[in-house]
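See structure below.
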Ligand code: KIV
Ligand code: ZN
């Protein structure tokens, strides 16, 4: 389906759709809240970033969510805009209304299928859930041609049930079936197997524009690993959020999935996305500042420390050849440059490099004196800033 042959490399490439749910599942993060204007601003940035689908909200939940889905659907032209809905007629109708004037509308309906959700939350038998889901997909199709169905807690659902409901909703008109790892319980081999098995059992998948999709939560810190396993198993859409924000421990982080597929194409195969990776870092900053959710310093790809080196051995290596300690070029992500942080672990090489950047040309004996004073200072404070180095050099120069 989405597999093409490139002329130059004669290697098949498979296009992976990026479905961003920052504005829906991401906004469900405790502590995050966005007003209407902020949501529209983020949606515009997601369009520039190149995501394929923006899940803009859950229209039945509030007038605010309804209005945001409506505005984003009209504002954004490139990506598909999705509104979430339970398998409840008034939810579906509200989503349909919110998306009525959208350029590329999608209704995303979900219904829980796992034993624990069937027995304790829905108190319904599996057959009733299949009927409800099929009826809901049909109802959503009365509003739009693009309907996604998610069996909530899919990864904890018996595989034969998952296959049955997937086939039934496809027959009813669903064009994407998303298998959520709602509580982040899965492990990669197990989650990937679900996709391979559904593809094996249901021939419509990958034909006639029918996509399988992953949606992973990060309760065990496996959301990205599980998403990549799903891709290897045959998922052609990946649901994720900027900075991995979302319910509890969050969702799979968009930036990590995209950069893993790109950096390790030798391992995963030639999967391509439409993401302009140079916009990843600015998007991360925007989402962090508008949601108020800060990004941990050591967060992969976009954290403050992701391209910072403090140890002398690493700094020396990076100065000789960046790839000794960097597997990605920071500029590919929109980070202007790597940082050599001067601290007690730093060496003479990094200090000499920083002096040069600060415009000093010092001789070997002077460098040695600056280095000794720098080390003494670094022992007292965590990071040594440019102003500290300038003060040391100026003092030594005055003396000489
Ligand atoms: O985690 C989940 O199951 C969801 C569904 C609504 C797709 O967010
Ligand atoms: Zn979710």
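What follows draws every value from the coordinates through simple rules; no lab data is involved. This structure is a prediction, so every number in the text was calculated from the model and none was measured. Cβ atoms come from the backbone with ideal geometry, glycine included; neighbour counts cover every protein chain shown.
Taking the three principal axes of the alpha carbon atoms in the range 13-89, the coordinate ranges are 40, 29, 26 Å, sorted in descending order. Rounded to the nearest 10 degrees, the inclination of helix 386-399 to the longest alpha-carbon principal axis of the chain is 0 degrees.
Quick one: Kirkwood hydrodynamic radius for the range 170-254, alpha-carbon pairs, angstrom, one decimal?
Evaluated over the range 170-254, this radius sits at 12.7 Å.
With the convex hull of the Cα atoms taken as the outline of the range 164-205, the averaged projected area works out to 3.1 nm².
Send over the Kirkwood Rh of the chain, from the inverse of the averaged 1/r over different Cα pairs, rounded to one decimal Å. Please report the intermediate quantities before stating the final value.
Numbers: mean 1/r = 0.0434 Å⁻¹.
Averaging 1/r across every pair of different Cα atoms and inverting gives 23.0 Å.
Consider all pairwise Cα distances in the range 83-190 and report the whole-number % of them above 22 Å. Result: 28 percent of Cα pairs exceed 22 Å.
If I stretch the segment between residue 264 and residue 32 completely, what's the gain in nm (0.36 nm per residue apart, minus their alpha carbon distance), one decimal? Walk me through the numbers on the way to the answer.
Numbers: separation 232, 0.36 × 232 = 83.52 nm, distance 3.23 nm.
Result: 80.3 nm gained on full extension.
Relative contact order, whole percent, for the chain stands at 14, derived from Cα pairs under 8 Å and 6 or more residues apart.
Once C-alpha pairs closer than 8 Å and six or more residues apart are averaged by separation and normalised to the residue number of the range 126-179, the relative contact order reads 48 percent. Helix 89-98 axis versus longest C-alpha principal axis of the chain: approximately 50°, rounded to the nearest ten. Between the helical axis of 159-172 and the longest alpha-carbon principal axis of the chain there is an angle of about 70 degrees.
So what is the calculated 222 nm ellipticity per residue for the chain, using -39500 (n - 2.57) for each DSSP H run with n of 4 or more, over all residues, to the nearest 500 deg cm²/dmol? Present the calculation step by step, with values, prior to reporting the outcome.
On the way: 15 runs with 172 residues, N = 400.
Estimated from H runs of four or more residues: -13000 deg cm²/dmol.
Output the relative contact order of the range 149-201, whole-number percent, from Cα pairs under 8 angstrom with separation of 6+ residues. With pairs under 8 Å counted, the relative contact order is 49 percent.
DSSP assigns beta bridges within the range 172-278; of those with both partners inside it, close to 10 percent run antiparallel.
Just the number, please: percent antiparallel of the DSSP beta bridges in the chain, rounded to the nearest 5.
Details: 5 of 43 bridges.
Expressed as a percentage, antiparallel bridges in the chain total about 10.
Footprinting exposure proxy ranking of 281, 161, fewest other C-beta atoms within 10 angstrom first, gives 161, 281. Computed from the Cα positions only, the extents of the range 244-400 along the three principal axes stand at 59, 36, 23 Å, in decreasing order. Take the convex hull of the alpha carbons in the range 263-305; its mean projected area over all directions comes to 3.9 nm².
Note on the range 1-159: along the principal axes its Cα atoms extend 53, 42, 34 Å, ordered by decreasing extent.
Between 17, 262, 200, which gets the highest mean-square fluctuation from a Gaussian network model of the chain, Cα cutoff 10 Å? Result: 200 has the largest fluctuation of those listed.
Based on other C-beta atoms within 10 Å, arrange 107, 389 from fewest to most.
Sorted ascending by nearby Cβ count, the order is 389, 107.
Test of understanding: in a Gaussian network model of the chain with alpha carbons linked when under 10 Å, which of 363, 128, 148 would top the mean-square fluctuation ranking? Taking springs between Cα atoms under 10 Å, the residue moving most is 363.
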